[in-house]
Amino acid sequence: MPAPFKTRITELFGIRHPILCGGLMWLADARYVAAVVNAGGMGFITAKTFPDPERFRAELQKARELTGGQPFGVNLYISSHEDDMRLLAGHVEILLAEGVRFVETAGAPPRQLLPRLKQAGATVMHKVASVRHAVSAARLGIDAVAVVGAECGGHPGLNLIGTMVQTARAAEDLAIPLVVGGGIGHGSQILAALAMGADGVLLGTRMTVAEEIWAHPAYKQRLLAADETETRLIMASFRNTYRALDNAAARSVAELEAGGVKDFAAYQPYVLGTHAKAAYTTGDWNQGVLSVGQSVAFAREIKPVAAIYAQLLDEARQALGRIGVVAG
């Protein structure tokens, strides 16, 4: 398929289309990420999904086989916990040994890992939820930054600034390549983001109904039935705002917060990540707090990643065709 949009991001990652698919906890595995790469984008295997080092190494090797040797990426979540960071440092050595040179970091700034990654020649994109944090991350010497707006699933930040505003503001303040995400699931939005100064977009929720995502069919069917109103913001009382599917678990968390409960132990039956994995495995979508963004409104059919990319690009071309040019 022709590549109609050439940007600094397509050049940085050596891809045909400025459409990146960020790490999805439990879901972004070798099969899914390889499908993204083969469709002309860039995807990131979520390292935290594979805490066993050898299982992680095997997943990287599988991805390399499925892409036919094409480059792919790894998502690294930067934690404040020492044990997590020791494990992550080991994962960094494994991914570098396996030839991976594209990394998406998220969470805390990647100060601790960046010297090793840059020494090995890795390209690092850091994901943040505000323009202010994007500017700070750029000063570290990263290669690109992804800024997500309030519409995103998972962590949209504390200020809840929408993607429309974040994109234009970030383009003003950043000199390095800019990727934007949050609520993006239609090709017209991709065109709009590029027109506002972004170099690419980052997709998450929109892709969770792809055939290559291993989650249970019942979970995907729930997403197909959802619209943009069926997410809920929770955990703001802990200064850790999270956008999740509006399910029984999320409503239970909201009730605890409304009641002023401060003991985190009361929240654990709902927010533990293993509950989300169980929901994806069993299809019981009321189990656990499940990261879902407002772009779920565009997830209307289960089909291969390549078909989703083709649809997005066709929608972007149609949007471009609707724009009239006035001389003068």
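Please treat every number below as a calculation from the coordinates, not as lab data. In this text, all values refer to a predicted model and were calculated from it rather than measured experimentally. In this analysis, Cβ positions are derived from the backbone assuming ideal geometry, glycine residues included, and neighbour counts consider all displayed protein chains.
Each part gets one Cα centre, and for the stretch 225-282 versus the stretch 44-106 those centres are 27 Å apart. What the Cα convex hull of the stretch 217-282 gives, in volume per residue, is 82 Å³. How much of the DSSP bridge set in the chain is antiparallel, in percent, rounded to the nearest 5? Antiparallel bridges make up about 15 percent of those DSSP assigns within the chain. Structural descriptor for the stretch 192-328: relative contact order 33 percent, calculated from alpha carbon pairs under 8 angstrom and at least 6 residues apart. In the stretch 23-165, Cα pairs under 8 Å separated by at least six residues give a relative contact order of 16 percent. Fully extending the segment from GLN318 to ARG101, taken as 0.36 nm per residue of separation minus the present Cα-Cα distance, adds 74.7 nm. Estimated purely from DSSP H runs of n ≥ 4, each contributing -39500 (n - 2.57), the mean residue ellipticity at 222 nm for the chain is -12000 deg cm²/dmol once divided by its residues.
Taking a straight line from the alpha carbon of LYS127, these lysines sit under 28 Å away, with near neighbours fewer than eight places off in the same chain left out: LYS6, LYS48, LYS62, LYS118, LYS220, LYS277, LYS303.
Taking the Cβ-Cβ separation of ALA120 and ASP83 as r and a Förster radius of 22 Å, what is the calculated FRET efficiency to the nearest 0.05? Efficiency computed from Cβ-Cβ geometry: 0.40.
Neighbour counts of other Cβ atoms within 10 Å put ILE78, ILE15 in the fewest-to-most order ILE78, ILE15.
Bridges between two residues of the stretch 150-304, per DSSP, are antiparallel at a rate of about 60%. Can you compute the modelled spin-label distance between LYS62 and LEU158, with each label point 7 Å from Cα toward Cβ, in nm? Label-label distance for LYS62 and LEU158, simple model: 3.9 nm.
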